[in-house]
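Accompanying notes for the structure given below.
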There are 2 protein chains.
Amino acid sequence: MSAEVICVGTELLLGDIINANAQFLGQQLARLGIPHYHQSVVGDNPERLKQVVEIASTRSPILIFTGGLGPTPDDLTTETIAEFFDTPLVERPELLRDISEKFAKRGRQMTLNNRKQALMPEGADILYNPAGSASGMIWQPRPNLTILTFPGVPSEMQQMWRETAVPYLKRQGWGKQIVHSRLLKFWGIGESALAEKVASFFELSNPTVAPYGSKGEVRLRVSAKAEDEAAAVELISPIEQQLCQIAGQDYFGADSDTLASVVGHLLQNSKETLSVAESCTGGGLGEMLTSVAGSSEYFSGGIIAYENRIKVSLLGVSPENLNQLGAVSSAVAQQMALGVKQRLETSWGLSITGIAGPSGGTETKPVGLVYVGIADPDGTAESREFHLGQKRQRAAIQQIGACHALDKLRRKLLVGK
Amino acid sequence: MSAEVICVGTELLLGDIINANAQFLGQQLARLGIPHYHQSVVGDNPERLKQVVEIASTRSPILIFTGGLGPTPDDLTTETIAEFFDTPLVERPELLRDISEKFAKRGRQMTLNNRKQALMPEGADILYNPAGSASGMIWQPRPNLTILTFPGVPSEMQQMWRETAVPYLKRQGWGKQIVHSRLLKFWGIGESALAEKVASFFELSNPTVAPYGSKGEVRLRVSAKAEDEAAAVELISPIEQQLCQIAGQDYFGADSDTLASVVGHLLQNSKETLSVAESCTGGGLGEMLTSVAGSSEYFSGGIIAYENRIKVSLLGVSPENLNQLGAVSSAVAQQMALGVKQRLETSWGLSITGIAGPSGGTETKPVGLVYVGIADPDGTAESREFHLGQKRQRAAIQQIGACHALDKLRRKLLVGK
């Protein structure tokens, strides 16, 4: 039983919004073990939508629609599908009640337009929208063909999918085998270098191993097909272990782990605290650290020393070094890390200084040159130089630079563990 | 002459990646004035791809493919299209040379797999890939049908599109009318409130006006169809002026403007400087400000006072106020703003303190409560309270809170202008 995704909306064709619904449904169908071979996007045009329904209904037994359930005249999905299958629309009193109650709760009056949203093809089951007025349906217009419709608003669509569609699809027994994945994450090794190290794993068939690279972070997705999640995990675990062993410290975490969350765990375990001194990232390093809930347990704060005089006045950087070596130098990075550690009285100090561009680069100090400084609990400081390239955008240099800083701290925290 | 987009890749169906290529091509086709009614996604399967080509070639005279041009065995786009049109593949010596030169430049040896990438259907023109080994083609397999192929890697696809496909499409005269848009941006007004104020504009047909809302920022897209960009701008400008006048100070900028870049311009104009004191955003406010190239001209730096003792030791916040009123209070926000302004010796000081959650909220101070403080050049401090809601995620509260801080400063900087 394969499913086909049909997204309706001119705004998708115009590129006004990205098709996040198609990605979400793709992931969900894979997880449920329901094969999925086709996706289509079509505008708010009943004739073209009918043609798409005709094509899809001959090749896929499950059709999943998103979009076109709203109250405006160009929301046509329900009526067009009904018309294609020669089925009259019927106003559902229970749906009308649901919609008017939602409006009442918000202190608003339901409009005539919204009344349209209570119309469903004869024989269709309502797929209630817990948040908005655009409910969908589950309908078998003919044997061996099931249609599900969802609104285009991602949050509403996802809630309806999880709460009502998934239980329905499982009850039908359509997903025989589920696909479960682990996403292993690496920093400090390139995609091709890691791929070479683990090349033999790419030949596996269950689980499969596939590499992805994005902004300096390299990922391996290990996916297993099995009857349930526990069985899939059993297939994945030994492969995961081997991959992590091969990668050594370049492996930093899995799934929702980030460099900031991993650093946070290590600091929490050792009951140590951290402060940051930032120049070229302007606060981005602190932002990454505090994106982790509970980071107040180990992150004390920091100093954004964007201007050089702040590096002197608040971090105690040597004005001579600034003059002679420049703000983007190993010595200044070390002094920044030590300065913030001492000033904020934390176990560790982490600093970053660099040239994010697009201007400010020179022959000897090009755009993308970044120094990360680290001061350890004993008060010893060291630094590392990174060349992040002159072709990268400012935002990428700032983001990758901050990740390198976190990764450097992570490796220091792992020493002796 | 309408165009259809066909994206090839099982990774799209699995939801491993989002279909950014479809969005990009949608935007580009709209800009070129080439109608675009269908998008399809199909996996790396030659039979199904052939069926998609069959359907698309009967309804659209221009087919644009992305993906499946790589060197691996599951990259099948070129050969499948050639097979569908019964055309033999021919090895192109010029393409073989191009590929081997690219490998030589990187100091690597071309593999046998890559040799496949030099094969093109007889009669096709090569669409060179300036960055990678996956070149595409422009091919007319039969009268009134043009096929363009691109690799799936977005950066390579986009470069090839801009440098070679766009000039080709324009030469054919296929885009009669272009669509040009201005994106107007608003802060401090809800989507529905703005929509009510400008409701009559939604009835316009050329230019059209459509609202979008995302994370606190409201946008109006004004799109005009015309012969060229200059003519479109002439249609858009009077409407834009009216919309901005109606919105007043809630309008902050257009297109690539951000609250941070607008604040930056205002500071630059008045030759003033800024520092920030951040608690709940942990550096995110500074990060937004320094995401703007050239921000070192007005942004001096800041203090991330995540822990309360840092608020006291570095910002001079009153320990009594902290104890009695709490860190998330109007008084503390004002003292933080004043403290950082004085310490960093800047014209303005901007602060933010709040409860980003998910934990830490109480009955009187719920998650989402945020205070923004501002200290002006005269040393007068004030603050404003925001309730960003308990349902929002931590990241959204941090991001929207930082935007409110920037917006508050923007409005202060506009006074008397």
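The values are calculated or read from the model by the stated rules, or taken from the named source; none is laboratory data. No experiment lies behind these values; they were computed from the predicted model shown. Backbone-built Cβ (ideal geometry, glycine too); neighbour counts: all protein chains shown.
The set of residues in the stretch A:315-369 being away from chain B (no Cβ under 12 Å), under 15 Å from A:Q390 (Cα atoms) and of a type in the set (V, I, T) consists of A:T362, A:T364.
Looking only at residues in the stretch B:37-49 that are assigned to a helix (DSSP H, G or I) and more than 7 Å from chain A (Cβ to nearest Cβ), the one that is nearest to the chain's Cα centre (by Cα) is B:L49.
Please verify whether B:P143 is at pLDDT 90 or above, touching a helix residue (DSSP H, G or I) at 6+ places or on another chain (Cβ under 6 Å) and not aliphatic (A, V, I, L, M), treating the condition exactly as stated. The answer is no for B:P143. Candidates are the residues of the stretch A:1-27 that are more than 30 Å from B:L32 (Cα to Cα) and buried (at least 21 other Cβ atoms within 10 Å of the Cβ); the one that is nearest to the other protein chains (Cβ to nearest Cβ) is A:G26.
Selection of the stretch A:123-156 for residues being more than 26 Å from the chain's Cα centre (by Cα) and charged (D, E, K, R) yields A:D125, A:R142. Restricting the stretch B:257-314 to residues that are among the hydroxyl-bearing types (S, T, Y) and touching a Phe, Trp or Tyr at 6+ places or on another chain (Cβ under 8 Å) leaves a set whose member that is nearest to the other protein chains (Cβ to nearest Cβ) is B:T290.
Does any residue of the stretch A:28-36 turn out to be within 27 Å of B:K50 (Cβ to Cβ), more than 13 Å from every other protein chain (Cβ to nearest Cβ) and of a type in the set (A, V, I, L, M, F, W, C)? Spell out how you get there, then give the answer.
Initially, the stretch A:28-36 is screened for residues within 27 Å of B:K50 (Cβ to Cβ), giving A:29-30, A:33-36.
From what's left, more than 13 Å from every other protein chain (Cβ to nearest Cβ): none.
Checking the stretch A:28-36: not a single residue is within 27 Å of B:K50 (Cβ to Cβ), more than 13 Å from every other protein chain (Cβ to nearest Cβ) and of a type in the set (A, V, I, L, M, F, W, C).
Being of a type outside the set (S, T, Y), surrounded by 15 or more Cβ atoms within 10 Å (Cβ to Cβ) and closer than 25 Å to B:L29 by Cβ, is that true of even one residue in the stretch B:187-203? Taking every residue of the stretch B:187-203 in turn, none turns out to be of a type outside the set (S, T, Y), surrounded by 15 or more Cβ atoms within 10 Å (Cβ to Cβ) and closer than 25 Å to B:L29 by Cβ.
Checking each residue in the stretch A:50-71 for being within 10 Å of another protein chain (Cβ to nearest Cβ) and in contact (Cβ under 8 Å) with a residue 40 or more places away in the chain picks out A:V52, A:R59.
Return the total of residues in the stretch A:301-331 being more than 16 Å from A:G282 (Cα to Cα) and among the β-branched types (V, I, T). I'd like the intermediate steps shown before the answer.
Step one: of the stretch A:301-331, the residues more than 16 Å from A:G282 (Cα to Cα) are A:312-313, A:316-326, A:329-331.
This time we only want the ones that are among the β-branched types (V, I, T), so: A:312, A:317.
Counting residues in the stretch A:301-331 that are more than 16 Å from A:G282 (Cα to Cα) and among the β-branched types (V, I, T) gives 2.
Cβ-Cβ contacts under 6 Å between residues 6 or more apart (or on different chains), taken from a first residue in the stretch B:328-349 that is touching a residue at least 60 places away in the same chain (Cβ under 8 Å) to a second residue that is among the charged types (D, E, K, R), are listed as B:S347/B:E272; B:G349/B:K341.
Taking residues in the stretch B:145-161 that are touching a residue at least 12 places away in the same chain (Cβ under 8 Å), and partners anywhere that are among the acidic types (D, E) and part of a helix (DSSP H, G or I), the pairs with Cβ atoms closer than 8 Å and at least 6 places apart or on different chains are B:F150/B:E156. Cβ separations smaller than 6 Å between residues 6+ apart or across chains give the following pairs from the stretch A:359-370 residues that are in contact (Cβ under 8 Å) with a residue 12 or more places away in the chain to residues that are of a type in the set (S, T, N, Q): A:P366/A:Q390; A:V367/A:Q390; A:G368/A:Q390. The condition of being surrounded by fewer than 20 Cβ atoms within 10 Å (Cβ to Cβ) and without any contact (Cβ under 8 Å) to a residue 40 or more places away in the chain holds for only one of A:G316, A:G286, that being A:G316. Does B:S275 satisfy the condition of being of a type in the set (S, T, N, Q) and either under 12 Å from A:G301 (Cβ atoms) or part of a helix (DSSP H, G or I) (or both)? No; evaluated as a whole, the condition is false for this residue.
Where helices (runs of 4 or more DSSP H) sit wholly within the stretch A:73-130, those with at least 2 residues that are in contact with a strand residue (DSSP E or B) (Cβ under 6 Å, 6 or more places away or on another chain) occupy A:77-84.
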